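Below: one structure, written as structure tokens.
The values are calculated or read from the model by the stated rules, or taken from the named source; none is laboratory data. Owing to the predicted nature of the structure, the values given are computational and were not obtained by experimental measurement. All Cβ positions, glycine included, derive from the backbone under ideal geometry; neighbour counts span all protein chains shown. Just so you know, the surface numbers come from the protein's heavy atoms only, side chains and all, with ligands and any DNA or RNA stripped out. Shrake-Rupley method; radii C 1.70, N 1.55, O 1.52, S 1.80 Å.
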Amino acid sequence: MKREIREWPLTAEEFEELYAQTVARLTGQLYVMLGDLHEAQDVVQEAFVKGWSRRRQLERDGRPEAWIRTVAWRLAVGGEPVAVQAAQCGGMAAQRCARASPAGPVP
């Protein structure tokens, strides 16, 4: 079934439907990756929160579940993409930043 791609954001009802249809699947995928159900639930929830604020991108993209899965995956493996981590560390490579910081990488 082909989905229509529109040029306006998801409504609150559409976003709730997206959540209801995908949260269990996404949580399961992240649980397999992380081995911790609570952590998987947390990263998926945070990804949906980010998705809510970027509803226009999700709709134009036409693949909101994939976008949310990617965000959740990034959150699970270190919070932010490497370029963002490096920027937050004053331009150092993320690996150097992780070694330089006693608390680990900057979230």
Of the residues in the range 6-20 that are open to solvent by 60 Å² or more (accessible area, probe 1.4 Å) and touching a residue at least 24 places away in the same chain (Cβ under 8 Å), the one that is nearest to Ala66 (Cα to Cα) is Tyr19
Checked the range 21-62 for anything open to solvent by 80 Å² or more (accessible area, probe 1.4 Å) and either touching an Asp or Glu at 6+ places or on another chain (Cβ under 7 Å) or assigned to a loop (DSSP other than H, G, I, E, B) (or both); matches are Arg54, Arg60
By residue number, the members of the range 17-50 that are of a type in the set (D, E, K, R) and under 12 Å from the mean Cα position of the chain (by Cα) are Asp42, Glu46, Lys50
Counting only residues in the range 63-80 that are under 17 Å from Glu14 (Cα atoms), free of Cβ contacts under 8 Å to residues at least 24 places away in the same chain and assigned to a helix (DSSP H, G or I), the one nearest to the chain's Cα centre (by Cα) is identified as Trp67
Residues of the range 2-31 being touching a Gly at 6+ places or on another chain (Cβ under 7 Å) and at pLDDT 95 or above, in sequence order, are none
Across the range 63-87, the tally of residues that are modelled with pLDDT under 55 and buried (at least 16 other Cβ atoms within 10 Å of the Cβ) stands at 3
